[in-house]
Amino acid sequence: MSILKEEFPVEAMDFVTAGEASAQIKRLLKKLGVDAGVIRRLSIACYEAEINLVIHSDGGKLVLEVDSNEVTLISEDVGPGIPDIDLAMTEGYSTASEDVRMMGFGAGMGLANMARNADRFDISSKVGEGTTIKMYFSL
Amino acid sequence: MKLGQIMKLLDARAISDTVDEELEIQCACASDMMSDVLAFPKEHMILLTGLVNPQVMRTCDMLDIRAVVFTRGKLPSAEALRMANEEGISVLATENTQYIASGKLYAGGMDNGTKG
Ligand SMILES: Nc1ncnc2c1ncn2[C@@H]1O[C@H](COP(=O)(O)OP(=O)(O)O)[C@@H](O)[C@H]1O
Ligand SMILES: [Mg+2]
């Protein structure tokens with residue numbers, strides 16, 4: 001049974017608000033009394049997903065769904081998509097620009113870190129259309 | 001190690017409205033890449049960084065990092081400092097480089113939170 005479902009739009013290349021959605025999501029989960037360890041793992045994965053929406057996509061959203069035994073976090077965007085997902089998942093691989101690196105991102109650790117922190121991780125992408133990432137956290 | 005002792009070791013000054021010198025810090029992470037910080041999170045960690053933008057404070061918020069030291073005389077951007085004050089994060093600044101600051105903390109008994 002769904003306890004909560006909420007969407008958070010994320011704008012491309014907006015470095016001032018980048019991370020705001022993740023901060024809101026973290027607060028929401030805290031208020032719901034979700035286990036601190038789950039919140040920590042989800043916050044890390046969520047923030048990396050949000051930053052990817054900002055630096056790699058043309059805009060998208062994070063969707064949080066909480067039910068009694070699982071939290072689902074979906075990152076969905078319109079954008080260039082990922083041609084080679086295995087390569088993109090490799091730690092250290094990044095197509096981020098020098099500008100993005102100056103902002104402290106683009107180390108190529110994000111996708112692998114999301115996969116590591118989520119209990120289940122699904123990624124699908126269509127070149128020229130966009131990318132969808134689904135992450136599940138057991139309660 | 002208490003934050004007050006870290007301030008002494010690094011000859012660091014307070015930048016945020018409040019600095020909790022009694023804060024217990026168990027390990028340190030030095031990086032300008034927030035993804036690296038997010039990949040190796042530890043509890044009761046202090047962050048040493050030369051990155052001054054708001055994403056530093058976002059990263060702290062996500063990882064429950066309660067103290068940050070800006071190295072090499074760098075200072076947080078106005079927005080980053082505003083966020084730190086709002087979140088009650090203790091912000092320090094030192095003239096030491098990242099390398100020297102890390103060395104001083106390590107020599108002072110601080111490790112990176114991993115055993116061995
Ligand atoms: N939402 C996305 N849309 C398009 N490409 C993406 C997206 N997310 C990740 N990528 C691609 O996968 C690569 C690796 O992503 P990640 O591991 O998060 O590292 P980083 O963001 O630091 O580059 C990115 O450099 C980019 O090429
Ligand atoms: Mg990334």
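Inside region A:1-53, can you point out the residues that are without any contact (Cβ under 8 Å) to a residue 12 or more places away in the chain, at positive phi and facing chain B (nearest Cβ under 10 Å)?
None; the set is empty.
If A:S68 meets every condition in (1) away from ligand 2 (no atom under 11 Å from the Cβ); (2) within 14 Å of chain B (Cβ to nearest Cβ); (3) modelled with pLDDT under 95 apart from one, which number is that one?
Here A:S68 meets the rest and fails (2).
For residues in region A:94-103 being near ligand 1 (Cβ under 7 Å from one of its atoms) and surrounded by 15 or more Cβ atoms within 10 Å (Cβ to Cβ), which is farthest from A:M13 (Cα to Cα)?
To start, the set of residues in region A:94-103 that are near ligand 1 (Cβ under 7 Å from one of its atoms) comprises A:94-96.
From what is left, the residues that are surrounded by 15 or more Cβ atoms within 10 Å (Cβ to Cβ) are A:94, A:96.
Values: A:S94: 16, A:A96: 12 Å.
For region A:94-103, the residue satisfying everything is A:S94.
Among the residues of region B:8-31, how many are farther than 18 Å from B:G50 by Cβ and in contact with an Asp or Glu (Cβ under 8 Å, 6 or more places away or on another chain)?
The total comes to 2.
Restricting to region A:104-123, give me the number of residues that are within 10 Å of ligand 1 (Cβ to nearest atom) and closer than 30 Å to A:G33 by Cα.
Total meeting the criteria: 8.
How do the helices (runs of 4 or more DSSP H) wholly within region B:2-87 filter down when requiring 2 or more residues that are within 11 Å of chain A (Cβ to nearest Cβ): which remain? Steps first, please.
On the way: elements: B:3-10, B:34-39, B:55-63, B:78-87.
Once the helices (runs of 4 or more DSSP H) in region B:2-87 are filtered for at least 2 residues that are within 11 Å of chain A (Cβ to nearest Cβ), what remains is B:34-39, B:55-63, B:78-87.
Return the total of residues in region A:56-87 being in contact with a helix residue (DSSP H, G or I) (Cβ under 6 Å, 6 or more places away or on another chain) and near ligand 1 (Cβ under 6 Å from one of its atoms).
Result for region A:56-87: 2.
The values are calculated or read from the model by the stated rules, or taken from the named source; none is laboratory data. Note that this is a predicted model, so its numbers are computed, not measured. Please note: Cβ atoms are built from the backbone with ideal geometry, for glycine as well, and neighbour counts cover all protein chains shown.
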